[in-house]
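Enquirer: Before I ask anything, let me first share the structure, which is written out below as structure tokens.
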Amino acid sequence: MDDVTKSLNATLAHTLADGHCFLQAVAHQLNETPNSMQAYKFLMKAIETESTRNKNHYRNFIDENSGRLDLLVRKYLHNKIFDHAAGDLIPQITSNALQKPIHIYSERDSGIWKSSI
């Protein structure tokens, strides 16, 4: 992972594995202050607003087993439940809310994995 961060002129930000590690990482990038409550609250409101305003768009990404979009978002934001459906959808909603691309890097046994939204 060190080679990847060096090539991107980036640093690793360690976050708590509390169900909101994705939000913490994005808040860190927005504010460059780990665990910034102001950036964290801004993100939560932006995700809630984006998912409400464009709910018809996001409904296409949810299967009948995942439930309603508003409940899925609320479950993630308020209960910190980052399940399969939220894992696929919350980064997309966040990227659209911020109108910025999001690149997620993850270190796996087989090497570095990158996902761009």
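The values are calculated or read from the model by the stated rules, or taken from the named source; none is laboratory data. The structure displayed is predicted, hence computed values, not measured ones. Here the Cβ positions follow ideal geometry from the backbone for every residue, glycine too, while neighbour counts run over all protein chains shown. We work out accessible area using only protein heavy atoms, side chains counted, and drop any ligands, DNA or RNA first. Shrake-Rupley method; radii C 1.70, N 1.55, O 1.52, S 1.80 Å.
Enquirer: Here's a check for you: in segment 58-117, which residue that is among the charged types (D, E, K, R) and part of a loop (DSSP other than H, G, I, E, B) is modelled with the lowest pLDDT?
Expert: Taking segment 58-117 and keeping what is among the charged types (D, E, K, R), we get 59, 63-64, 68, 70, 74-75, 80, 83, 88, 100, 107-109, 114.
Going one step further and asking which of them are part of a loop (DSSP other than H, G, I, E, B), we end up with 63-64, 68, 80, 83, 100, 109.
On the way: ASP63: 73, GLU64: 71, ARG68: 84, LYS80: 88, ASP83: 77, LYS100: 90, ASP109: 60.
Across segment 58-117, the extreme among qualifying residues is ASP109.
Enquirer: Only one residue in ALA97, ALA17, ALA86, ALA10 is out of contact with any Asp or Glu (no Cβ under 7 Å at 6 or more places or on another chain), hydrophobic (A, V, I, L, M, F, W, C) and buried (at least 17 other Cβ atoms within 10 Å of the Cβ), so which one is that?
Expert: Details: ALA97 fails: out of contact with any Asp or Glu (no Cβ under 7 Å at 6 or more places or on another chain); ALA17 fails: buried (at least 17 other Cβ atoms within 10 Å of the Cβ); ALA10 fails: buried (at least 17 other Cβ atoms within 10 Å of the Cβ).
Selected residue: ALA86, the only one of ALA97, ALA17, ALA86, ALA10 that is out of contact with any Asp or Glu (no Cβ under 7 Å at 6 or more places or on another chain), hydrophobic (A, V, I, L, M, F, W, C) and buried (at least 17 other Cβ atoms within 10 Å of the Cβ).
Enquirer: Could you please find all residues in segment 20-47 being part of a helix (DSSP H, G or I) and open to solvent by 70 Å² or more (accessible area, probe 1.4 Å)?
Expert: Kept after step one, since they are part of a helix (DSSP H, G or I), are these residues of segment 20-47: 21-31, 37-47.
Once the filter is applied, which keeps residues that are part of a helix (DSSP H, G or I) and open to solvent by 70 Å² or more (accessible area, probe 1.4 Å), segment 20-47 yields GLN29, LEU30, MET37, GLN38, LYS41, PHE42, LYS45.
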